[in-house]
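A.B. asks: One structure, as structure tokens, below. Some questions next.
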Amino acid sequence: MKILVCITNVPDTTAKISFIDGDTKFNKTGVQYICGPYDDYALSRAVELKEQHGGTVTVLNVGEAESEQVIRKCLAIGADDAIRVNTEPTDSYFVAEQIAHIASQENYDLILMGRESIDFNSGVVHGLVGEMLGIPSLSPVMKLEIDGGVAKMTREIEGGKEDVEASLPLVLGCQEPIAEWKIPNMRGIMSARTKPLKVVEPVGSGLTITEKYALPAPKGAVKMIPAEEAEKLIDLLKNEAKVL
Amino acid sequence: MEFYQSNKVDDFESPDFYQIDDLLTEEHLLIRQSVRDFIKKEVSPIIEDAAQKAAFPAYLVKKFGEMGLFGPTIPEKYGAGGLDYIAYGLMMQEVERGDSGLRSMASVQGSLVMYPIYEYGSEEQRLKYLPKLASGEYLGCFGLTEPDFGSNPAGMKTRIEDKGDYYLLNGSKMWISNAPMADIAVVWAKNEQGRIKGLIVERGMEGFSTPEIHQKWSLRASCTGELVFDNVKVPKENLLPSADGLRGPLGCLDSARYGIAWGALGAAMDCYDSAKKYALERIQFDKPIASFQLVQKKLAEMLTEITKAQLICWRLGMLKNAGKATTAQISLAKRNNVDIALKIAREARQLHGGMGITGEYPIMRHLMNLESVVTYEGTHDIHLLILGAEITGISAFK
């Protein structure tokens with residue numbers, strides 16, 4: 001089985017977010033980058049499936065050279081080789097275009113990725129890739145077993161879970177608890193040194209130009225209203241918070 | 001033994017005030033992060049319970065082996081890591097950040113058991129023992145210290161006699177980490193000519209026993225014992241052929257002490273990280289205690305000492321990589337870093353107030369552990385005298 005795992009290189013969840021150059025650029029100083037946590041789950045499941053069924057796992061990242069640290073970690077966890085599309089991932093459509101272009105050159109049985117990246121959180125790349133390749137896509141997949149040419153999955157839906165089956169090839173957006181999150185061991189880190197990492201140039205160009213970044217408004221102070229003053233609470237919700 | 005799995009989040013972050021991370025390779029950073037993640041996943045949830053129960057979580061030995069925490073600088077050919085000394089140091093830092101007892105277990109396995117077998121052993125011995133030690137299938141221990149010979153190992157009483165087909169081993173060793181659970185022991189004993197020799201003694205050999213030392217207030221999550229040899233017949237092929245004289249065991253100690261210098265730094269970082277977070281959260285007189293000058297003084301001094309210790313470790317690691325680190329340089333690092341870790345743990349204990357004495361925070365555990373670390377592998381004072389001898393050319397302890 002040939003599996004392609006698409007990963008994002010994103011700021012750690014604890015990173016302090018700030019902007020520079022008149023709020024037009026993200027301030028990367030002091031920010032630690034990690035593999036997107038949902039992508040990590042996708043990769044872990046891919047490695048487990050490879051252990052069960054044989055085959056190969058290729059990691060794909062659309063990103064600049066600084067992503068290679070995270071790509072090496074993915075190789076240390078158990079991917080066989082990696083491809084980096086050398087460009088800034090400016091928007092979901094552009095990223096999906098790159099993934100579809102790479103994927104169309106090989107016959108992958110599964111294209112896995114996180115349900116969404118944790119920087120822009122669009123959560124649409126898997127759907128776009130599926131459409132571009134003309135194959136089904138599902139998300140968010142929280143359980144995945146392969147039986148012959150069929151994937152048996154559990155997907156999270158509004159208010160519940162859905163069991164679903166589909167024939168390969170497929171594009172899947174993954175989330176926990178699809179696999180146990182893996183920590184690379186020293187042997188894996190050593191072997192990652194020599195695993196191939198191919199760098200290719202992008203096709204097309206990004207359609208999005210970011211004019212300005214802004215942080216969300218800071219949270220206001222909490223007002224405590226005694227239970228017996230429900231009318232005051234309603235008044236504040238209507239006239240101050242304007243949510244009623 | 002079952003251990004209680006705490007669900008308290010371990011949000012440890014290491015300070016890097018002088019951007020020492022810039023001196024590390026991407027691979028070093030990945031190694032550090034991976035070991036940190038491993039410790040958060042496997043050690044942090046159970047360590048308080050293990051220490052409170054004074055029970056060694058023996059199941060972790062195999063997990064440490066799978067992770068590659070044993071003998072990381074020994075070549076891959078023997079199932080070990082083939083990594084450099086900075087990588088080894090960072091691993092020990094992260095393991096001791098979790099707990100000194102577990103770092104001691106790993107240090108003994110890597111530096112005091114695998115290292116002598118690799119350095120002084122025959123190729124057959126290397127191939128027989130090293131892969132099993134690297135994977136954690138075997139746990140090893142190191143027998144040098146005796147009840148009456150601690151800082152003065154040259155006076156050891158343990159003896160071997162050449163009986164033609166085998167060596168007859170008699171004597172005892174004391175304060176031996178891993179002893180009660182060990183599958184093999186690297187034991188140092190004098191031959192008929194009074195030369196110190198190294199032997200590999202295996203569990204199950206007749207006359208060999210490993211009674212456990214109980215009631216420790218320190219390194220409670222590791223096991224410590226004695227090695228007793230009562231007419232043990234050790235096969236001749238178990239003698240380490242290239243070890244002759246005190247140089248043999250002392251070479252091992254150089255390697256272990258290097259790991260301790262990094263390990264103690266890890267314990268210091270954990271105390272600082274916990275103290276900083278506690279000081280920012282704990283409100284007294286309507287403001288966080290971090291607002292007060294005396295608290296800031298403590299934190300500033302902790303960070304200063306940690307930063308200096310980081311620089312010592314990094315530079316010593318580079319010297320080790322180049323094969324240039326001397327015993328005296330390693331003594332300086334071990335002595336300084338354990339000393340500052342102990343002082344930081346004490347200050348952090350105070351800063352946590354009453355909470356600092358409970359198992360809710362790691363401080364008291366680190367503090368008690370470090371009382372062993374400051375004593376073993378060359379006491380605080382002996383390292384001072386090693387430096388004194390280096391400066392003056394005059395040994396003050398011979």
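The values are calculated or read from the model by the stated rules, or taken from the named source; none is laboratory data. Predicted model, so just to flag it, every value in this text is computed and none were measured. Cβ coordinates were reconstructed from backbone atoms using ideal geometry, including for glycine residues, and neighbour counts include every protein chain displayed.
A.B. asks: Residue check: is B:K298 at negative phi, under 21 Å from the mean Cα position of the chain (by Cα) and in contact (Cβ under 8 Å) with a residue 12 or more places away in the chain? Show your work before the answer.
C.D. replies: Numbers: at negative phi: yes; under 21 Å from the mean Cα position of the chain (by Cα): no; in contact (Cβ under 8 Å) with a residue 12 or more places away in the chain: yes.
Criteria not met by B:K298.
A.B. asks: Moving on to the next point. Looking only at residues in region B:351-366 that are in a helix (DSSP H, G or I) and touching a Ser or Thr at 6+ places or on another chain (Cβ under 8 Å), which one is surrounded by the fewest Cβ atoms within 10 Å (Cβ to Cβ)?
C.D. replies: My answer is B:M364.
A.B. asks: Still on this structure, please answer the following. Of all residues in region A:1-57, which are within 14 Å of chain B (Cβ to nearest Cβ), crowded, with 17+ Cβ neighbours inside 10 Å and either touching a residue at least 40 places away in the same chain (Cβ under 8 Å) or acidic (D, E) (or both)?
C.D. replies: A:N9, A:P37, A:D40, A:S44
A.B. asks: B:E212 is checked against (1) among the acidic types (D, E); (2) touching a Cys at 6+ places or on another chain (Cβ under 7 Å); (3) buried (at least 23 other Cβ atoms within 10 Å of the Cβ) and fails just one. What number does that condition carry?
C.D. replies: It is condition (3) that B:E212 fails.
A.B. asks: A:G204 fails exactly one of the following numbered conditions: (1) touching a strand residue (DSSP E or B) at 6+ places or on another chain (Cβ under 9 Å); (2) surrounded by 11 or more Cβ atoms within 10 Å (Cβ to Cβ); (3) in a loop (DSSP other than H, G, I, E, B). What is the number of that condition?
C.D. replies: Only one criterion is unmet by A:G204, namely (1).
A.B. asks: Filter region A:166-210 for residues that are of a type outside the set (D, E), away from chain B (no Cβ under 14 Å) and closer than 18 Å to A:I83 by Cβ and give the result.
C.D. replies: First pass over region A:166-210, keeping only residues of a type outside the set (D, E): A:166-175, A:177-179, A:181-200, A:202-210.
If we keep only those that are away from chain B (no Cβ under 14 Å) too, we end up with A:166-175, A:177-179, A:196, A:198-200, A:202-210.
Hits for region A:166-210 are A:P169, A:V171, A:P196, A:K198, A:V199, A:V200, A:P202, A:V203, A:G204.
A.B. asks: Here are some residues: A:I178, A:I189. Which one is outside any strand (DSSP E or B) and within 21 Å of the chain's Cα centre (by Cα)?
C.D. replies: Values: A:I189 fails: within 21 Å of the chain's Cα centre (by Cα).
So the residue among A:I178, A:I189 that is outside any strand (DSSP E or B) and within 21 Å of the chain's Cα centre (by Cα) is A:I178.
A.B. asks: Of the residues A:K143, A:K182, A:K161, A:K195, which single one is touching a Ser or Thr at 6+ places or on another chain (Cβ under 7 Å), of a type in the set (K, R) and within 21 Å of A:I71 (Cα to Cα)?
C.D. replies: Among A:K143, A:K182, A:K161, A:K195, only A:K182 is touching a Ser or Thr at 6+ places or on another chain (Cβ under 7 Å), of a type in the set (K, R) and within 21 Å of A:I71 (Cα to Cα).
A.B. asks: Any residue at all in region B:23-35 that's buried (at least 23 other Cβ atoms within 10 Å of the Cβ) and either at pLDDT below 95 or in contact with an Asp or Glu (Cβ under 8 Å, 6 or more places away or on another chain) (or both)?
C.D. replies: yes
A.B. asks: What pairs come out if I take residues in region B:310-334 that are over 20 Å from B:D22 (Cα atoms) and pair them with residues that are at pLDDT 95 or above and surrounded by fewer than 18 Cβ atoms within 10 Å (Cβ to Cβ) whose C-beta lies under 7 Å away, six or more apart or interchain?
C.D. replies: B:A325/B:L319; B:A328/B:L387; B:A328/B:E390; B:Q329/B:L319; B:S331/B:L387; B:L332/B:L387
A.B. asks: So, one more: Test each condition in (1) closer than 15 Å to A:C6 by Cα; (2) touching a helix residue (DSSP H, G or I) at 6+ places or on another chain (Cβ under 9 Å); (3) within 14 Å of chain B (Cβ to nearest Cβ) for A:S67 and report the one that comes out false.
C.D. replies: (2)
A.B. asks: Since B:D339 meets every condition but one in (1) closer than 19 Å to B:W262 by Cα; (2) of a type outside the set (A, V, I, L, M); (3) touching a Lys or Arg at 6+ places or on another chain (Cβ under 9 Å); (4) in a helix (DSSP H, G or I), which condition does it not meet?
C.D. replies: Failing condition for B:D339: (3).
A.B. asks: Out of (1) closer than 25 Å to B:I391 by Cα; (2) in contact with an Asp or Glu (Cβ under 7 Å, 6 or more places away or on another chain), what's the single condition that is false for B:Y376?
C.D. replies: Unmet for B:Y376, out of (1) closer than 25 Å to B:I391 by Cα; (2) in contact with an Asp or Glu (Cβ under 7 Å, 6 or more places away or on another chain): (2).
A.B. asks: Hey, can you tell me all the residues within region B:162-195 that are touching a strand residue (DSSP E or B) at 6+ places or on another chain (Cβ under 8 Å), within 22 Å of B:Q109 (Cα to Cα) and not in a strand (DSSP E or B)?
C.D. replies: Once the filter is applied, which keeps residues that are touching a strand residue (DSSP E or B) at 6+ places or on another chain (Cβ under 8 Å), within 22 Å of B:Q109 (Cα to Cα) and not in a strand (DSSP E or B), region B:162-195 yields B:N178, B:A179, B:P180, B:A182, B:D183.
A.B. asks: Could you tell me whether region B:121-144 includes any residue that is in contact (Cβ under 8 Å) with a residue 12 or more places away in the chain, under 26 Å from B:A264 (Cβ atoms) and among the aromatic types (F, W, Y)?
C.D. replies: yes
A.B. asks: If A:T194 meets every condition in (1) without any contact (Cβ under 8 Å) to a residue 60 or more places away in the chain; (2) not in a loop (DSSP other than H, G, I, E, B) apart from one, which number is that one?
C.D. replies: (2)
A.B. asks: Give me the pairs, please: first residue somewhere in region B:219-235 and more than 23 Å from B:R365 (Cα to Cα), second residue anywhere and of a type in the set (D, E, K, R) and not in a strand (DSSP E or B), beta-carbon distance under 9 Å, and either six or more positions apart or on two chains.
C.D. replies: Here the result reads B:D230/B:E206; B:N231/B:E206; B:V232/B:E206; B:K233/B:K163; B:K233/B:D165; B:K233/B:E206; B:P235/B:D165, each pair linking region B:219-235 to a residue that is of a type in the set (D, E, K, R) and not in a strand (DSSP E or B).
A.B. asks: Another question about this same structure. Go through the residues of region B:333-342 one by one and say whether even a single one is modelled with pLDDT of 95 or more and closer than 23 Å to B:D49 by Cα. Quick ask: steps written out before the conclusion?
C.D. replies: Pass one, region B:333-342, residues modelled with pLDDT of 95 or more: B:333-342.
Next, from what is left, pick out any that are closer than 23 Å to B:D49 by Cα: B:341-342.
Checked region B:333-342: at least one residue is modelled with pLDDT of 95 or more and closer than 23 Å to B:D49 by Cα.
A.B. asks: B:G378 - would you say it is touching a Ser or Thr at 6+ places or on another chain (Cβ under 9 Å), outside any helix (DSSP H, G or I) and either on the phi > 0 side of the Ramachandran plot or free of Cβ contacts under 8 Å to residues at least 40 places away in the same chain (or both)? Reasoning before the result, please.
C.D. replies: Working: touching a Ser or Thr at 6+ places or on another chain (Cβ under 9 Å): yes; outside any helix (DSSP H, G or I): yes; either on the phi > 0 side of the Ramachandran plot or free of Cβ contacts under 8 Å to residues at least 40 places away in the same chain (or both): yes.
Here the answer is yes, as B:G378 does meet what is asked.
A.B. asks: List the pairs whose first member sits in region B:239-250 and is part of a helix (DSSP H, G or I), whose second member is surrounded by fewer than 21 Cβ atoms within 10 Å (Cβ to Cβ) and among the aromatic types (F, W, Y), and whose Cβ atoms are under 7 Å apart, counting only residues at least 6 apart or on separate chains?
C.D. replies: Sorted first by the residue in region B:239-250, then by its partner, the list stays empty.
A.B. asks: Okay, moving on. Collect the residues in region A:85-116 that are outside any helix (DSSP H, G or I), at pLDDT 95 or above and under 15 Å from the mean Cα position of the chain (by Cα), keeping them in residue-number order.
C.D. replies: The answer is A:I111, A:L112, A:M113, A:G114, A:R115, A:E116.
A.B. asks: How about region B:38-89: which of its residues are among the basic types (K, R) and under 18 Å from B:M1 (Cβ atoms)?
C.D. replies: Keep residues of region B:38-89 that are among the basic types (K, R), which gives B:40-41, B:53, B:62-63, B:77.
Within region B:38-89, B:K53, B:K62, B:K63 qualify.
A.B. asks: With respect to the numbered conditions (1) crowded, with 18+ Cβ neighbours inside 10 Å; (2) touching a residue at least 60 places away in the same chain (Cβ under 8 Å), which one is the sole condition not fulfilled by A:S137?
C.D. replies: For A:S137, the failing item is (2).
A.B. asks: Can I ask one more? Are any residues in region B:151-179 over 28 Å from B:S395 (Cβ atoms) and either modelled with pLDDT under 95 or surrounded by fewer than 21 Cβ atoms within 10 Å (Cβ to Cβ) (or both), and if so, which ones?
C.D. replies: Here is the first cut: in region B:151-179, the residues over 28 Å from B:S395 (Cβ atoms) are B:161-170, B:178-179.
Selection gives B:E161, B:D162, B:K163, B:G164, B:D165, B:Y166, B:L168, B:N170.
A.B. asks: Filtering region A:210-244 down to residues that are without any contact (Cβ under 8 Å) to a residue 40 or more places away in the chain and under 30 Å from A:D21 (Cα atoms), which residue is surrounded by the most Cβ atoms within 10 Å (Cβ to Cβ)?
C.D. replies: Taking region A:210-244 and keeping what is without any contact (Cβ under 8 Å) to a residue 40 or more places away in the chain, we get A:216-244.
Still in the running and under 30 Å from A:D21 (Cα atoms): A:216-220.
On the way: A:P216: 6, A:A217: 6, A:P218: 6, A:K219: 6, A:G220: 8.
In this case the residue turns out to be A:G220.
A.B. asks: Tally time: how many residues in region A:67-116 are out of contact with any Lys or Arg (no Cβ under 9 Å at 6 or more places or on another chain), of a type in the set (G, A, S) and under 18 Å from A:P202 (Cβ atoms)?
C.D. replies: So the answer is 5.
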